[in-house]
Each structure stands twice: as C-alpha cells, then as structure tokens.
Amino acid sequence: MERSTLTRDRRVQLVVVACAVLQLAVGLFTIRQYGYFRDELYYLACTRHLAFGYVDQPPLSIALLRLVRVFGGDSLVGLRVVPLLAGVAVIALTGRLVVRLGGGALAAALACFAVVGAPVLLAFHHRYSMNALDGVFWLAAALLLARAVESRRLGAWAWLGVVLGLGLENKLSVLWLGAGVALALVLFDRPALRTRGPYVAAAIAAALFLPHLVWQVVNGLPTVEFMRNALQLKYRERSFLGFLAEVVLVMNPAALPIWAVGLTAPFVTRPRGTARILACVALTAFAIVAATRSGKAEYLAAVIPIPLALGACAIERWSTTPVRTAGVALLGAGIVGMAILVAPFAVPVLPVERFIAYQRALGMTPSSSEKKELAELPQGYADMFGWTELVDVVADAVPHLSPAERERAVIWTVSGGYGSAAALEILGRERGLPPVISGHNNYWLWGPGRYDGSVAIVVGGRREQIAPYFESLEQTGVVECGLCMPYENHKPVYIARGLRAPLARVWAEEKSFN
C-alpha cells in the first residue's frame, strides 16, 4: 500500500513538474514582449511611498515589490519574475491539493493543465500585481483548511490564520475566502466550531490585518469609496448569464466540465475528506461576485483552481473503464487545444502586428469589462503601449521653462490617471523630468508636493476646460501613441502658469478614486 501511494505521488510530482516547466517556458518567452503594463508602473511608483495601505490595494504586494527592486531594479525581467514564480507555485499547490483529495496522476494532469491553460491565470502570472499572488494564498489556505478540519490540530488552524491574514494584506477579496470557511463550517462541520481552532485562526488573521484596517480608518476609508465608484462608474453591468459566459471564457471553455463537476459533485455524491467544505468555499466566492452586477469574472481567478482540483479528482474516480478514460483524454486534449487557440489573447506570444492579424482572422474585436473606448488592441495589451511616446513629448516641454521655473515646476496629469502619472515618474526619472502629481487614487493622497501654483506642465485635458484655471496656457506638443488606449492618444501637453484658484480647493476637486 505504501509503495502504491509512493508511486502515485511520484507520478503526480512528474505531472506538476511538466506543467511548471510549461508555465516557465511561456513566461520566459513573453517576459519582455511589448512593454510595462499600466498598473505595473503604478505599483513601482507606490514602492516609493511605503505605507500600511493604498486607495486601491493593501500593502503586501507593494512591500514585496520594493524588495524586488533592490535586486532587479525597475527592469521588466526583474518586475515579472515574481508573478512567474507565483504561477509555478499555483501549479504546485494545485497538484498538492489533488493529492490531499485522494487524486492521482490523471486528476493532477487535468487540474494542472487546466490551470496552465486558463487565459486569466496566464495573464495574471505574466505581469506584476496583487492578483498574481492571490491564488497562492487561496490554495495555501485550502490546503491548511483541509488539514485543520481533518486533524483538529491547533497548529494547523494557527497557520491558516497566518495565511488568511497575509492574504488580506495582499487583496481584500480574501474576505470572501473567510466567509466561505465560516459558512462551510456552519453547514458541514459544526463540531469544529466547538474547538478553539477556528477562533484562533480568525484572531491571528484579524491581528495581521489590523495595520491596514487602522490605515483605512485614519485615511477616511478610501478603499470603500474606491470600490463603490468602480462598481458604479467604471465597470459595465451584465446579467448573470453574461457573467457566467465570461467566467467560462476566461477560465478556458474546455475546462468547464472540470470545475462545474468540482462545484457540484461534492453535494450530490458521497465526498471524500473535506471536498464538500472546499466546494462550499468556492461556491461562496462565486455567489458573492455574481451577486455584484458589475463584478468581473477575473475576480474568481484565485478561486478556480480549487474546483478544478475537486472536479479532476471526481472525474478520475469516474473513469473506471477504457471508454471513460478515452473521454477524459479527449477532455484533456480539448483543454490543451483551446489553450493554444486563446493564449495569444492572454499573453503576448505574438508580435503585435501578428496578434492584430490573428485577432482579425478569428473575427474577434477588442472588448473590455470597463466603460472605455478601445482601438485595435484589447485593454490588457493597449495598456502596454504609449509610455515612451508620452515621456518624449513631456520632456520636449521642459525647455520651455526658465531655469527658475524648472526648480519649482511639476508635471500635472489631468487625464490618463495613475498610469500616465506613474509612467512619467518612473520612466521620466532618467530624463530628469520634474515631479509628477495627479488626482487619481493614491496620487491624490500623496498630495501636490512642491507645487505652489506658479508653473506646471499639464498633460491632457481640453484647453477650454483648463484655461480658466490659469493666467496663461501654452501648448507645447501632442502625445501620439498609436496602439495605446484611445484616451491616451492625441493628448495635448501645456505649460500652465499662475493658478488662479487656491490650490487646496483645486486639489480637493481633483480627487478621483476609481
């Protein structure tokens, strides 16, 4: 029996290694394609203002990026090593969860190849963000929850609390995970609630989350305002069926049978171990996102490996005949084939001209869950273009300033939000550009800096809107960035002198959390 188990585990390890190598190969091939993603530039800017929180995220991913910059600087390779390794960790943890649920090599192959072939996970593990780390916390928590429920050991509950607390310091959606754990225990393991374990886990998680919570209160709960504005103003509403279709698409349509079985089989069959509890956790997250009419399918990216592991194990147990095994093989082939078909939309495996041609050949047009105009590229790619052109045009405006003006000038991005501001701050540093200010998200909290109202290089905005605020307004150039997002294209750049209104009043009006 021990020898059989050892052989099974070794086969699972081989499957996990194969999937991890595939993930690494794709990640290394695309790591320097295109350019910095908008949010990556913003995160780099955030590392220059370490705090216990930010308007649009908790602090952990920023603190980690600050450490990464010590070794890799601001290079694309250094920036994207962490999400790539996080993708490998998600594969390894998925394989480990399969073993925990009693699955073998076939289940591991189905679950892990489905993880590698999920477009949303490919995208998240290509660029740096809190989303890249999120799946690691969800899967680690799932494993620790299974161990805690099965063993009743206080240590396992304590470690679960640590993972939940750190996960919350990375992304607030871990609250859904906590809600799922609580509901699952109430429904399926009430004896556990009569032990100290769950409460120790909750206390540790709360203690680790407390610094960010205090920061939120001290700063007026900016994330609450941010999320409310984003859901009401930024994201498109959709029906439940539209949301479900989006989930199927971003998770790889061919993988639907696996995670659908994973979400349902534990409740209609006699489940093994903690399968029902884990399925309840995943369903809770699914229900929370679905209930928000503007929630995005990608919010479930960290959750989906759990039902993939559950479903793969159930399908493996079902495949007891050659015919059924052949059906499972066809399912796996479908996942791989669909992954190859959609991979160019998730990670830049094609040069941009070839991608546009590929997109047209499939009869597809760019789309976005946000209320934004698109051009030839989907938003995830368009946000990797145009930053060099922006910096060049703004740099051309600097010679229009006198030496005295250069000492007190700032760059004020009135359109383009934190993306334009961060691009000018990070990429413009080597060009000696003035400091950058903006009213978008955490840039607003960082304030107007040294700006005294005398002179600013203003980026974006229509002349008729900006001119009344200044004594003089001189246009020095226009940003032409081609494949970038349309609202970044054709942006005027001005020299604005003599702010007419009090700076405090103008800055209060500039606030934009979304």
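Please treat every number below as a calculation from the coordinates, not as lab data. Small disclaimer: the values here were computed from a predicted structure and weren't measured. Here the Cβ is made from the backbone with ideal geometry for all residues, glycine too, and neighbour counts use every protein chain on show.
If you take every residue apart from Arg38 with its C-beta less than 10 Å away from the C-beta of Arg38, what net charge results, scoring Lys and Arg +1 and Asp and Glu -1?
-3
Any cysteines in the chain with zero other Cys Cβ atoms under 4.7 Å from their Cβ? List them, or say none.
When partners are defined as cysteine Cβ atoms under 4.7 Å apart, the chain leaves Cys46, Cys280, Cys313 without one.
Where does helix 256-268 land angle-wise versus the long Cα axis of the chain, in degrees 0 to 90, nearest 10?
Rounded to the nearest ten degrees, it is 50.
Which value does Rg/Rh take for segment 454-514 over its C-alpha atoms, Rh per Kirkwood?
1.01
Quick check for me: using +1 on Lys/Arg Cβ and -1 on Asp/Glu Cβ, what's the dipole size of the chain about its Cα centre, in debye to the nearest 20?
With only Lys, Arg, Asp and Glu charged at Cβ, the dipole is about 2000 debye.
If you fit an axis through the alpha-carbon atoms of helix 154-170 and take the longest principal axis of the Cα set of the chain, what angle between them do you get, 0 to 90°, nearest 10?
The angle comes out near 30 degrees.
Rounded, prolate or oblate: which fits the chain, taking a ≥ b ≥ c as square roots of the Cα gyration tensor eigenvalues, rounded meaning a/c under 1.5, else prolate when a/b beats b/c?
Prolate.
Would you kindly derive the ³J(HN,Hα) couplings of segment 333-346 from the backbone phi angles with the Karplus curve 6.51 cos²θ - 1.76 cosθ + 1.60 (θ = phi - 60°), listing them in order in whole Hz, with x for Gly and Pro?
5, x, 5, 5, x, 5, 4, 5, 5, 9, 3, x, 8, 9
So which GluC sites (Glu not before Pro) in segment 452-514 end up in coil per DSSP with only 15 or fewer other C-beta atoms within 10 Å?
Within segment 452-514, the qualifying GluC sites (Glu not before Pro) (loop, at most 15 other Cβ atoms within 10 Å) are Glu480.
List the residues whose amide H sits under 5 Å from the amide H of Val479, counting only those 5 or more places along or on another chain, with H placed 1.01 Å from N in the peptide plane.
His490, Lys491, Val493
Shape of segment 390-473 from its Cα gyration tensor (a ≥ b ≥ c, root eigenvalues): rounded if a/c is under 1.5, otherwise prolate when a/b > b/c, or oblate?
rounded
Could you check what % of the DSSP bridge pairs in the chain are antiparallel, to the nearest 5?
65
What are the residues whose amide H is under 5 Å from the amide H of Phe470, where those residues sit 5 or more places off or on another chain and H is modelled from the backbone?
Amide H neighbours of Phe470, under 5 Å, 5+ apart: Arg500.
Where the centre of each part is set by its Cα atoms, how far does segment 396-464 sit from segment 468-514, in angstrom?
One Cα centre to the other: 9 Å.
What angle, in degrees between 0 and 90 and rounded to the nearest 10, separates the Cα long axis of helix 352-361 from the longest principal axis of the Cα atoms of the chain?
The two axes meet at around 60 degrees.
Between segment 139-158 and segment 79-99, how many Å separate their Cα centres?
Rounded to whole Å, the Cα centres lie 19 Å apart.
Compute the Cα gyration tensor for segment 67-216, then decide on rounded, prolate or oblate, letting a ≥ b ≥ c be the square roots of its eigenvalues: rounded whenever a/c is under 1.5, prolate when a/b is larger than b/c in the other cases, and oblate in all that remain.
Taking the square roots of the gyration eigenvalues as a ≥ b ≥ c, segment 67-216 is oblate.
Each residue of segment 482-498 in turn: what ³J(HN,Hα) in whole Hz from Karplus with 6.51, -1.76, 1.60 and θ = phi - 60°, glycine and Pro shown as x?
Whole-Hz 3J(HN,Hα) from phi for segment 482-498: x, 7, 6, 4, x, 6, 8, 8, 6, 7, x, 10, 10, 9, 10, 10, x.
Arrange the peptides 114-120, 165-171 so that the one whose residues have, on average, the most other Cβ atoms within 10 Å appears first.
The most tightly packed comes first, giving 114-120, 165-171.
Give me, ordered by chain and number, the residues 5 or more places off Ile437 or on other chains with an amide H under 5 Å from its own placed amide H.
Ile411, Trp412, Thr413
Using Cα centres only, tell me the gap between segment 175-199 and segment 14-62 in whole Å.
Going from one Cα centre to the other spans 32 Å.
Spelling out what I want: for every residue of segment 417-431, take phi, set θ = phi - 60°, compute 6.51 cos²θ - 1.76 cosθ + 1.60 (Karplus), and round to whole Hz; glycine and proline get x.
x, 5, x, 4, 4, 5, 4, 5, 6, 7, 7, x, 4, 5, 8
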